[in-house]
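The values are calculated or read from the model by the stated rules, or taken from the named source; none is laboratory data. All values derive from a computational prediction rather than experimental measurement. Reconstructed Cβ throughout: ideal geometry from the backbone, glycine too, with neighbour counts over all protein chains shown. Ligands, DNA and RNA are excluded from the accessible area calculation, which covers all protein heavy atoms including side chains. Shrake-Rupley method; radii C 1.70, N 1.55, O 1.52, S 1.80 Å.
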Amino acid sequence: MKLTLKIWRQKNNNSKGEFKTYVHDHVSPDMSFLEMLDVLNEGLVKKGEEPVHFDHDCREGICGMCSLYINGRPHGPLQTTTCQLHMRSFKDGETITIEPWRAAAFPVVKDLVVDRSAFDRIQQAGGYVSVNTGGVPDGNAIPVPKKVADEAMDAAACIGCGACVAACKNASAMLFVSAKVSQYALLPQGQPERKERVEKMVAQMDEEGFGACTNTKACEAECPKSIKITNIARMNREYYSSMFTNYEVTVSGGGD
Amino acid sequence: MRSIFGFLYKYFQTRPTYMNWFSQLITSTIGKKLIMALTGLFLISFLIIHCTINAMIFLNDGGVTFSHWGHFMGTNPVIRTLEIGLVAGFLIHIFQGLLLIKKNRDSRPVRYQVEAPSPKSTWYSRSMGLLGTLLLLFLIMHTAHFWIPNRSNQFATGEELNLYQMMLNIFADPLIVILYVLGCISLAWHLLHGFWSAFQTLGLNHQRYNSIIHFVGTAFAIVVPLIFALMPIAIYLNWVH
């Protein structure tokens with residue numbers, strides 16, 4: 001296959017980037033998209049040029065590291081991660097435009113690499129549960145209905161890749177945050193921090209500068225882990241219930 | 001003047017903390033959408049009444065029934081008080097919408113070169129700002145035709161205008177009829193997303209009720225704008241006279 005690639009090149013966060021066009025004629029339809037870029041980079045290195053920087057790690061669709069906005073869609077034409085996208089999804093002679101995720105909260109580090117640590121800070125704000133020290137608790141000691149466990153597991157499938165932000169016209173992180181809120185809100189282990197969690201995570205999400213939700217379903221359509229927007233409705237419910245009913249701690253518990 | 005600003009500054013610096021949760025709620029991205037959803041549903045309830053009363057013109061009785069109810073709406077003290085809430089509802093929905101457009105644009109300062117959204121996301125759901133702006137322009141024209149002259153006349157002389165006769169006069173102009181029909185089309189698309197979206201924002205998404213919400217929303221978005229659009233058309237074509 002022969003392809004024309006229009007790739008966003010940007011030296012660093014402060015410099016102004018631009019598209020550069022590369023002709024790539026050593027593409028096999030069986031290559032993954034990232035392998036295609038590896039071959040391109042090998043050629044660039046041999047020519048003494050700066051290779052194209054892009055994020056990748058596990059290359060088996062579970063880590064959420066690979067990004068890339070390909071031909072107007074996050075992770076390209078299929079609802080997968082970019083590492084699971086193969087060149088057979090493209091036509092011979094096609095021009096492919098590759099851009100980084102675009103969001104105020106995801107600044108470009110270099111070329112196609114963006115800084116997604118905003119997601120980490122949201123997670124740190126409330127995406128955890130308290131556990132007791134000591135012996136390991138027995139498995140299945142707390143009964144959880146199968147349907148609820150499945151629902152929580154579906155939410156927990158989120159790999160934090162940021163495709164939802166990239167796909168959203170508002171660069172909103174609601175699908176990511178709602179998945180993280182849901183996975184704990186549904187389970188008994190998540191109850192102690194339940195109300196505080198949603199308040200803190202939403203506050204951090206706003207702090208990072210993500211947009212609001214217009215319910216366009218663009219995120220759901222692109223999510224490689226099929227996270228549903230029912231999670232966003234659940235997060236909204238959790239948020240209202242927390243804001244209207246959470247305890248205001250005004251007296252100390254006697255600890256000081 | 002200085003002292004007023006000084007007072008306000010001091011107040012907001014030292015205001016009691018018991019309402020902090022509320023300002024935090026309504027200024028969060030979820031709270032802003034909550035306001036859009038609540039005002040949106042309120043405006044939808046207004047559309048039902050507006051549409052029902054105006055549909056009285058189809059009785060073709062020379063505007064007798066229509067004028068009877070128009071008089072009730074224009075003079076009943078309860079309705080007139082609610083009207084203040086309606087104006088506020090419109091203003092809040094419009095300004096919050098404009099603020100959200102601004103905020104959402106700022107969330108993506110560098111646009112994509114190529115955008116090819118998934119067909120699972122509808123174009124009208126992504127164009128609520130545009131459709132809303134078209135509706136705002138329509139609303140300005142529409143209130144300038146009927147509501148503003150009528151209320152200012154009531155204020156000045158205490159007399160209501162003959163709204164039925166005004167409709168017959170205004171809708172004699174084909175350009176106005178076309179603009180009204182375009183306004184109704186924008187309304188239909190806006191409602192087609194807005195009705196369902198309001199429920200989703202309120203957190204009311206549940207397998208058991210989703211199909212009924214979608215059905216009622218779609219039916220509402222088609223029926224109400226259609227009845228509205230038929231009014232200027234019927235008058236222009238002299239079906240109603």
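Tabulated data for the structure shown
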| read-out | value |
| --- | --- |
| Breaking point among (1) modelled with pLDDT of 95 or more; (2) surrounded by 14 or more Cβ atoms within 10 Å (Cβ to Cβ); (3) over 30 Å from residue A:233 (Cα atoms), for residue B:29 | (3) |
| Failed condition for residue A:198, given (1) at pLDDT 95 or above; (2) facing chain B (nearest Cβ under 7 Å) | (2) |
| Pairs where the first residue, in the range B:207-229, is more than 26 Å from residue B:56 (Cα to Cα) and the second is open to solvent by less than 40 Å² (accessible area, probe 1.4 Å), C-beta under 9 Å, 6+ apart | B:210/B:196; B:213/B:195; B:213/B:196; B:213/B:200; B:213/B:205; B:214/B:195; B:214/B:196 |
| Helices (runs of 4 or more DSSP H) (entirely within the range B:134-241) containing at least 2 residues that are within 28 Å of residue B:31 (Cβ to Cβ) | B:174-201, B:207-236 |
| Set B:208, B:151: member being away from every other protein chain (no Cβ under 14 Å) and under 24 Å from residue B:45 (Cβ atoms) | B:151 |
| Residue A:242 vs. criteria farther than 17 Å from residue B:103 by Cβ, touching an Asp or Glu at 6+ places or on another chain (Cβ under 6 Å), in a helix (DSSP H, G or I) and within 14 Å of chain B (Cβ to nearest Cβ) | yes |
| Residue satisfying condition, being in a strand (DSSP E or B) and closer than 27 Å to residue A:119 by Cβ, within set A:96, A:62 | A:96 |
| Options B:34, B:38; residue that is within 14 Å of chain A (Cβ to nearest Cβ), at pLDDT 95 or above and open to solvent by 70 Å² or more (accessible area, probe 1.4 Å) | B:38 |
| Matching residues in the range A:33-48 - criterion: being open to solvent by less than 10 Å² (accessible area, probe 1.4 Å) and not aliphatic (A, V, I, L, M) | A:33 |
| Sole residue being assigned to a helix (DSSP H, G or I), crowded, with 22+ Cβ neighbours inside 10 Å and either more than 14 Å from every other protein chain (Cβ to nearest Cβ) or not hydroxyl-bearing (Ser, Thr, Tyr) (or both), chosen from A:158, A:164 | A:164 |
| Residue B:45 being open to solvent by less than 80 Å² (accessible area, probe 1.4 Å), out of contact with any helix residue (DSSP H, G or I) (no Cβ under 6 Å at 6 or more places or on another chain), more than 14 Å from chain A (Cβ to nearest Cβ) and not acidic (Asp, Glu) | yes |
| Search result, residues across the range A:167-181 that are away from every other protein chain (no Cβ under 12 Å) and among the hydrophobic types (A, V, I, L, M, F, W, C) | A:175, A:176, A:179 |
| Some residue of the range A:212-221 being open to solvent by 30 Å² or more (accessible area, probe 1.4 Å) and part of a helix (DSSP H, G or I) | yes |
| Qualifying residues in the range B:79-138 (those that are facing another protein chain (nearest Cβ under 7 Å) and touching a Gly at 6+ places or on another chain (Cβ under 6 Å)) - the one nearest to residue B:37 (Cα to Cα) | B:104 |
| Counted residues, the range A:201-211 - those being more than 10 Å from chain B (Cβ to nearest Cβ) and open to solvent by less than 20 Å² (accessible area, probe 1.4 Å) | 1 |
| So residue B:97, is it closer than 30 Å to residue A:105 by Cα, touching a helix residue (DSSP H, G or I) at 6+ places or on another chain (Cβ under 9 Å) and either acidic (Asp, Glu) or modelled with pLDDT of 95 or more (or both) | yes |
| Residue A:184 more than 10 Å from chain B (Cβ to nearest Cβ), closer than 24 Å to residue A:147 by Cβ and modelled with pLDDT of 95 or more | yes |
| Hits in the range B:100-114 - residues which are open to solvent by 100 Å² or more (accessible area, probe 1.4 Å) and over 15 Å from residue A:172 (Cβ atoms) | B:111, B:113 |
